[in-house]
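Participant: Shown below is the structure under consideration.
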Amino acid sequence: MDASEFRKRGKEMVDYIADYMENIHSRRVIPEVQPGYLREMLPNKAPRKGDAWKDVMKDVERAVMPGITHWQHPRFHAYFPAGNSYPSILADMLSDAIGCIGFSWAASPACTELETVVLDWLAKMIGLPPVFWHEHGIGGGVIQGSASECVLVCLMAARHAAITELKNKFPFVEEGVLLSRLVAYCSKLAHSCVEKAGMISLVKMRELEPDESLSLRGSTLQRAIDEDRKMGLIPFFVCATLGTTAVCSFDNLNELGAVCEKENIWLHVDAAYAGSAFICPEFQHLLKGIEYANSFNFNPSKWMLVNFDCSTMWVRDRKVLQTALTVDPLYLQHSHSDKAIDFRHWGIPLSRRFRSLKLWFVIRTYGIEGLQKYIREHCRLAKKFEGLVRKDSRCEVMGKVQMGLVCFRLRGHNYRTQMLLRAINMSGKLHMVPALIHDDYVIRFAICAQNANDDDIIYAWNVISEMASDVINACESNNENEALKEIQRIDGSNPYRRRNLLLRMISDPKCYNPKVLRSLSHEKRRRSDSNKPRDEKDQNGAQV
């Protein structure tokens with residue numbers, strides 16, 4: 001493809017993207033395909049000679065699009081938003097065209113310098129203390145690929161700092177022995193990436209119980225630290241969550257921070273989803289205690305109209321981070337190393353894309369006020385949906401609705417809510433995913449589409465309400481076969497085939513525990529009255 005054809009095909013692609021975005025509502029929100037579907041539609045060998053461009057694009061519609069889950073669809077309410085906007089798309093196009101690999105300042109100065117400027121802009125926008133800004137020369141921000149990377153990198157930096165300190169105290173003790181004594185902490189509602197970071201880093205990760213408001217408290221952390229110190233363990237890292245995946249609850253950062261300062265423990269704050277909302281002053285009170293933090297991250301690629309991947313991370317002291325991750329071969333050194341930042345020392349990969357460009361494009365195009373308006377509108381729509389749920393006596397809202405997520409369930413046995421979610425996802429009219437909150441199976445309703453409006457909320461509630469009536473009627477028969485037949489009638493297709501598809505639509509292992517399904521399979525066989533109080537005992541004394 002030469003420049004002339006690229007101009008032609010590029011314009012066609014822009015039109016294709018714009019048409020896709022404008023008409024996405026006409027597509028089914030989730031696909032109806034089965035594993036391996038694409039292999040049957042494509043040749044088993046690459047073409048010897050290049051195919052015509054028009055044939056490639058035909059296969060996009062014929063083969064690729066039928067297997068796409070449309071995250072930008074107005075009926076998509078699963079997981080969290082996947083940031084997207086035209087300015088961000090255009091910035092990615094320019095970044096791809098420039099094609100630089102900005103691992104160091106010398107590799108592409110603008111790539112590094114724009115990142116430092118934009119991360120300072122963003123730190124000020126969300127209310128991070130000056131110690132986290134580049135312009136003060138102590139801490140600073142960096143763009144990582146995902147929140148999972150941010151948590152892992154900060155855990156590794158904390159681990160390195162802890163082991164270095166311990167080696168100074170116990171110079172004759174092997175590092176492996178010291179490592180085996182380290183213990184980190186998080187809430188049971190923390191994202192699974194925190195547990196995974198512990199696995200990769202070979203440190204014990206202790207999950208602590210949140211309170212009745214689904215918030216991890218300082219007293220809980222202190223008890224765990226005291227217990228572990230008595231056992232000869234060495235607490236060194238805490239991950240607090242602002243906006244949990246399951247229910248968007250907030251750990252008590254101020255209490256946790258005070259404990260971490262007292263115990264000399266690294267405090268990391270994961271605000272992957274909720275962090276974008278701190279652009280709005282009315283949400284910044286949730287950051288109370290951030291002055292205790294050693295590191296902080298959130299994802300503009302979730303709720304700030306920036307395409308994936310773009311996860312922003314700040315550290316209080318950049319030297320601690322760099323010390324843990326620096327490898328400096330001669331061929332990567334340059335004459336400005338003593339004055340400039342080299343972001344290769346701030347993360348796991350060497351190679352880095354020009355990701356700050358899309359963050360810069362979006363902030364400049366929308367401005368702070370435009371981004372605030374967008375976030376506030378999503379929060380308003382969530383409150384509207386919450387109001388509809390609360391008016392229905394068959395349903396209950398779980399957790400406090402503060403941002404763009406509403407968790408709800410049908411009253412009674414978990415089986416009812418499970419069947420409702422299954423029926424909705426089978427229908428293809430909406431897409432949502434479950435969570436587990438204090439053993440209650442709930443449905444997560446997230447506001448995701450950039451241009452979501454009141455009509456979308458009303459449509460979603462009408463679908464949910466109608467299917468809730470059908471599912472409740474079916475479940476009251478206490479006959480699984482009849483319930484499945486009813487779902488088949490609702491959907492008009494084979495429920496067994498689609499059931500397998502549904503089970504793959506899980507947002508996060510932390511939010512959806514397979515043990516729930518096993519317990520439900522026993523629960524649904526018991527004769528029960530859905531009107532019984534939830535703490536009533538059966539004839540054997542078991543809680544129902």
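Laboratory data are not the source of any read-out in this text; all were calculated from the coordinates shown. The structure presented is a predicted model; accordingly, all values stated were derived computationally and were not measured. Counting neighbours? That spans all protein chains shown, and the Cβs are built from the backbone with ideal geometry, glycine included.
Participant: Past the 26 angstrom mark, what percentage of all C-alpha to C-alpha distances in segment 379-491 do you count?
Facilitator: Cα-Cα pairs of segment 379-491 separated by over 26 Å account for 14 percent.
Participant: Right, another one. Could you work out the Rg to Rh ratio of segment 3-83, with Rh taken as the Kirkwood radius (inverse of the mean 1/r over all Cα pairs)?
Facilitator: Dividing the radius of gyration by the Kirkwood radius yields 1.02.
Participant: Then there's this: Compactness ratio of segment 204-271: Cα Rg over 2.2 N^0.38 Å, N = residue count?
Facilitator: Against the compact-globule rule of thumb, the ratio is 1.06.
Participant: Right, something else. Using the Cα gyration tensor of segment 121-273, with a ≥ b ≥ c the square roots of its eigenvalues, what is the shape: rounded (a/c below 1.5), prolate (a/b larger than b/c) or oblate (neither)?
Facilitator: oblate
Participant: Let me ask something else. How far is the Cα center of segment 434-462 from the Cα center of segment 62-119, in Å?
Facilitator: Between the Cα centres of segment 434-462 and segment 62-119 lies a distance of 26 Å.
Participant: Let me ask something else about it. Mind ordering 194-204, 353-363 by average Cβ neighbours within 10 Å, highest first?
Facilitator: So the peptides 194-204, 353-363, ranked by packing, come out 353-363, 194-204.
Participant: What is segment 249-329 by shape, rounded, prolate or oblate, if you read a ≥ b ≥ c off the alpha carbon gyration tensor as root eigenvalues and call it rounded for a/c under 1.5, prolate for a/b larger than b/c, and oblate otherwise?
Facilitator: Oblate, because a/c is 1.5 or more while a/b does not exceed b/c.
Participant: Calculate for the chain the 222 nm mean residue ellipticity that helices alone would give, adding -39,500 (n - 2.57) per DSSP H run of length 4 or more and normalising by residue count, nearest 500 deg cm²/dmol.
Facilitator: -14000 deg cm²/dmol
Participant: Here's something else I'd like to know. For the chain, give the share of DSSP beta bridges that are antiparallel, in percent and rounded to the nearest 5; count only bridges with both residues there.
Facilitator: Roughly 55 percent of the beta bridges in the chain run antiparallel, per DSSP.
Participant: Of the listed peptides 79-85, 444-450, what is their order by residue-averaged count of other C-beta atoms within 10 Å, with the highest listed first?
Facilitator: Ranked from most to least packed, the peptides come out as 444-450, 79-85.
Participant: Sorted by average packing, counted as other Cβ atoms within 10 angstrom per residue and highest first, what order do 50-60, 172-182, 418-428 take?
Facilitator: Top of the packing list down: 418-428, 172-182, 50-60.
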